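Trainee: Can you read through this structure? Questions will come right after.
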C-alpha cells in the first residue's frame, strides 16, 4: 500500500486492542495534529488559491475526525487524556529539507503524505484484526479518508515541484520511513 517498504505486523492490532482508551486518545491527538499541519501549510501558500481551498477541506475533515474520535471516547466513558508525544512523526520531521522555499514546501507535502499513508495502513490493520465491530467500521471509513489525503498531498507536491524530482524525493522518503518504522509497532498508539 502506497509503496510503503515495511508493512505493519498485524499483531500490532492486538497490542492496540489491549487498551482501546489509550489508542483512541492517541488517535484523537493525531487528528488534531493533522488539522494543525493543514492550517500551517495554508499559511505557507496563501497565493495558491486552489491548494488553500483543498487544504481547508482537509482541515475540516481532520477536525471532523477529531470530533468523531472524541465522541467515541465520551460514549464509552473513557477519559480524553493529554496530548501524546509522537516519536514517529518527530523522527519523520527530521527528514524535511531546509533548502529553498520550494524544496521546503514540497518536502512538507511529502511529510504529510507519509503520515497519511502510514495512518491509512495502520487503520487497515485495525480494520482487519480487531474484534471491536464498531471500531472496525469506524477505522475502515477513516482508512478511505486517509488514502484520499495521501493522494492529495502527493498531488500538491508534484504540482508545486518538478514531478520527476518529487518522485525521486518520495522514494527517499519511503526508504527513510522504512528505516525508522522498524522501531515501531509495539506500543498502544497509532504510530507506535
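Rule-based calculations on the coordinates, nothing more; no lab input. Just so it is clear, the structure is predicted and the values come from calculations on it, not from any experiment. Cβ coordinates were reconstructed from backbone atoms using ideal geometry, including for glycine residues, and neighbour counts include every protein chain displayed.
Trainee: Please work out the Cα center distance from segment 28-83 to segment 125-186, rounded to the nearest Å.
Mentor: 16 Å
Trainee: Please report, to two decimal places, log10 I(q)/I(0) for segment 1-101 at q = 0.11, 0.18, 0.24 Å⁻¹ as given by the Debye formula with identical point scatterers on the Cα atoms and no solvent.
Mentor: -0.46, -1.08, -1.29
Trainee: What area, in nm² and to one decimal, does the C-alpha convex hull of segment 53-113 cast on average over all directions?
Mentor: That works out to 5.6 nm², a quarter of the Cα hull's surface.
Trainee: Right, here's the next one. When ranked by the protection proxy of mean other Cβ atoms within 10 Å per residue, highest first, what sequence do the peptides 112-125, 58-71, 23-36, 131-144 form?
Mentor: 112-125, 23-36, 58-71, 131-144
Trainee: Continuing with the same structure: Set the Förster distance to 35 Å, then compute FRET efficiency between residue 93 and residue 131 from the Cβ-Cβ distance, nearest 0.05.
Mentor: After rounding to 0.05, the efficiency reads 0.55.
Trainee: Between residue 171 and residue 18, with labels modelled 7 Å along Cα→Cβ, what's the label distance in nm to one decimal, could you check?
Mentor: The two pseudo-label positions are separated by 3.9 nm.
Trainee: Now for a different question. Taking 2.2 N^0.38 Å as the expected size of a compact globular protein, what ratio does the Cα radius of gyration of segment 24-181 give against it, to two decimals?
Mentor: For segment 24-181, the normalised Cα radius of gyration is 1.06.
Trainee: Would you please give the FRET efficiency between residue 5 and residue 80, computed as 1/(1 + (r/R0)^6) with r the Cβ-Cβ distance and R0 = 35 Å, to the nearest 0.05?
Mentor: It comes out at approximately 0.55.
Trainee: Return the calculated 222 nm mean residue ellipticity for the chain, to the nearest 500 deg cm²/dmol, obtained by summing -39500 (n - 2.57) across DSSP H runs with n ≥ 4 and dividing by the residue count.
Mentor: Helix-only estimate at 222 nm: -25500 deg cm²/dmol.
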